[in-house]
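For reference, the structure discussed in these notes is given below.
The values are calculated or read from the model by the stated rules, or taken from the named source; none is laboratory data. This is a predicted model, so every value here is computed, not measured. All Cβ positions, even for glycine, are placed from backbone atoms using ideal geometry, and neighbour counts span all protein chains on display. Keep in mind that these areas ignore ligands, DNA and RNA; they rest on the heavy atoms of the full protein, side chains included. Shrake-Rupley method; radii C 1.70, N 1.55, O 1.52, S 1.80 Å.
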Amino acid sequence: MQLPGFIQEPAVQLIGDKCYTSLVEQFNVSDVDCMKLVLSKVLGLGIVVGGSLIKFPQIGKIISNGSARGLSFESYVLETAAYAISVAYNYRQQNPFSTFGESVFLTIQNIIILLLILNYRKNPRLLFAAGLIIVTLSYVLSNASIVNDTMIAWLQVAAIPIGLVSKIPQIYTNYVNGSTGQLSALAVFGYTAGSLARIFTTVTEVDDLIILTGFSLSTALNVILAIQMIIYWHTDKLSPKKEE
């Protein structure tokens with residue numbers, strides 16, 4: 001089968017000459033390796049698209065309710081740091097964008113949520129300081145003359161426990177409050193599904209044990225958050241003493 005050039009060129013760039021020839025021109029659907037690659041690419045692109053939107057329900061919920069109660073500021077700080085490091089590391093390693101692109105969008109969305117949390121805590125000085133720190137760290141991580149490849153690799157190793165620890169304050173907050181507060185169910189369930197799919201795309205496309213370990217352990221904690229969302233589904237109010 002011969003496809004038009006405007007379709008063939010991006011298809012070849014996406015799955016490579018070998019798999020394009022096997023699956024499209026020869027229609028060899030029994031080519032397991034290429035079929036896995038195509039599935040991984042589709043999942044990867046879906047995760048990137050989903051990641052660009054997944055936390056907007058959370059942002060919308062905070063704004064519409066005029067409150068960030070029940071959201072752990074510490075969790076978002078740590079999670080954002082882990083995402084930012086992951087973006088810098090994957091970019092330096094020249095990994096396919098489909099294998100880490102959602103981290104770019106999640107970092108941006110997390111920054112918005114962090115600023116909203118600070119805004120509703122009525123602390124303008126801390127809000128300004130947070131903005132300054134975010135700009136500074138973005139510059140440092142993107143500058144190879146400041147953070148070289150060896151350093152960014154070690155930071156990626158450190159990002160694994162940072163990412164894992166980032167989930168614990170939110171899990172603990174949910175447990176203590178007996179509620180998930182303003183936590184968005186759509187964001188939690190969508191992110192859990194995306195992290196499960198990301199394990200598959202990492203195994204298929206990226207030969208990097210560091211990244212795979214991080215995604216696997218993070219997925220386990222995302223599942224715990226999803227379980228809490230189900231358990232506390234009908235709990236609408238927080239104790240006044242526990243409000244953020």
Let's see if you can work this out: charge +1 on each Lys and Arg Cβ, -1 on each Asp and Glu Cβ, no other charges. What is the dipole magnitude of region 90-242 about its Cα centre, in debye to the nearest 20? 840 debye
Skip the ligands, DNA and RNA, and give the accessible area per residue of region 154-217 with a 1.4 Å probe, whole Å². 44 Å²
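At R0 = 25 Å, how high is the FRET efficiency between T21 and V49 if r is their beta carbon distance? Nearest 0.05 is fine.
Given R0 = 25 Å and the Cβ-Cβ separation, E is 0.35.
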Region 198-205 - phi-based ³J(HN,Hα) in whole Hz, Karplus 6.51/-1.76/1.60, Gly and Pro as x: 5, 4, 5, 5, 5, 4, 6, 10
Show me, for region 107-114, the HN-Hα J-couplings you get by feeding each phi into the Karplus relation (A = 6.51, B = -1.76, C = 1.60, θ = phi - 60°), rounded to Hz, glycine and proline as x. 4, 4, 5, 5, 4, 4, 5, 4
Once a ≥ b ≥ c are taken as the square roots of the eigenvalues of the Cα gyration tensor of region 1-102, is the result rounded (a/c under 1.5), prolate (a/b larger than b/c) or oblate (a/b not larger than b/c)? prolate
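Evaluate 2.2 N^0.38 Å with N set to the residue count of the chain, then give the Cα radius of gyration divided by it.
So the chain has a normalised radius of gyration of 1.13.
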Once fully extended, how much extra length lies between E9 and I146, figured as 0.36 nm per residue of separation less the alpha-carbon to alpha-carbon distance? 45.6 nm
If each DSSP helix of 4+ residues adds -39,500 (n - 2.57) and the sum is divided by the residues in the chain, what number results at 222 nm, nearest 500 deg cm²/dmol? -25000 deg cm²/dmol
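Under the definition of Cα pairs under 8 Å and six or more residues apart, what whole-number percent is the relative contact order of the chain?
Dividing the mean separation by the residue count of the chain yields 28 percent.
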Rounded to the nearest whole Å³, what is the per residue volume of the convex hull around the Cα atoms of region 53-175? 100 Å³
A 1.4 Å probe over the protein heavy atoms gives region 1-156 a carbon and sulfur accessible-area percentage of 68 percent
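What relative contact order, as a whole-number percentage, does region 82-227 give when Cα pairs under 8 Å and 6 or more residues apart are counted?
28 percent
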Considering only the other residues whose Cβ falls under 11 Å of the Cβ of L186, what net charge follows from Lys and Arg at +1 and Asp and Glu at -1? +2
Count the net charge of all other residues whose Cβ sits under 14 Å from the Cβ of A159, scoring Lys and Arg as +1 and Asp and Glu as -1. 0
So with the 1.4 Å probe, I'd like the accessible area per residue for region 24-106, rounded to whole Å². 46 Å²
Report, in degrees rounded to the nearest 10, the 0 to 90 angle that the Cα long axis of helix 209-231 makes with the longest principal axis of the chain. 50 degrees
